[in-house]
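J.: Below is one structure. I have some questions about it.
The values are calculated or read from the model by the stated rules, or taken from the named source; none is laboratory data. Values in this document were obtained by computation on a predicted structure and should not be read as measured data. Heads up, the Cβs are rebuilt from the backbone with ideal geometry, glycines too, and the neighbour counts pull from every protein chain shown.
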Amino acid sequence: MTSVQNIADTVAKDAKEELAQLRAQVDSLMKERVNPMLSGIAHQAGAAANQAGAEMRHQATRVSDAVHEKPIAALAIAAAAGFVLAQMMRR
């Protein structure tokens, strides 16, 4: 019975050591490859969001300027768009 217990202890010890090595390898891969990649993706996403925000502000300024230049035309376009949307909603 003692030899079976010794074998079981040895197998358990070996399994723990292998798991510790695997954890170390996973941690190393995360630090070396995954974290930098995620950081790069986050940076690109932030830059894209900033660019989209700037473009939205630019377009809003253009629309505002157009409304100030031609308020009657802007009112007519808004009324026509409202009419079309109302017709679409009723169907």
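J.: Across segment 1-39, which residue is modelled with the lowest pLDDT among those that are β-branched (V, I, T) and under 27 Å from the mean Cα position of the chain (by Cα)?
T.: Within segment 1-39, the first condition is being β-branched (V, I, T), and the residues that meet it are 2, 4, 7, 10-11, 26, 34.
Now narrow it down to the ones that are under 27 Å from the mean Cα position of the chain (by Cα): 26, 34.
Numbers: V26: 88, V34: 84.
Per the stated criteria, the residue is V34.
J.: Another question about this same structure. If we scan segment 80-91, do we find a residue that is outside any helix (DSSP H, G or I) and surrounded by fewer than 10 Cβ atoms within 10 Å (Cβ to Cβ)?
T.: Yes: one or more hits.
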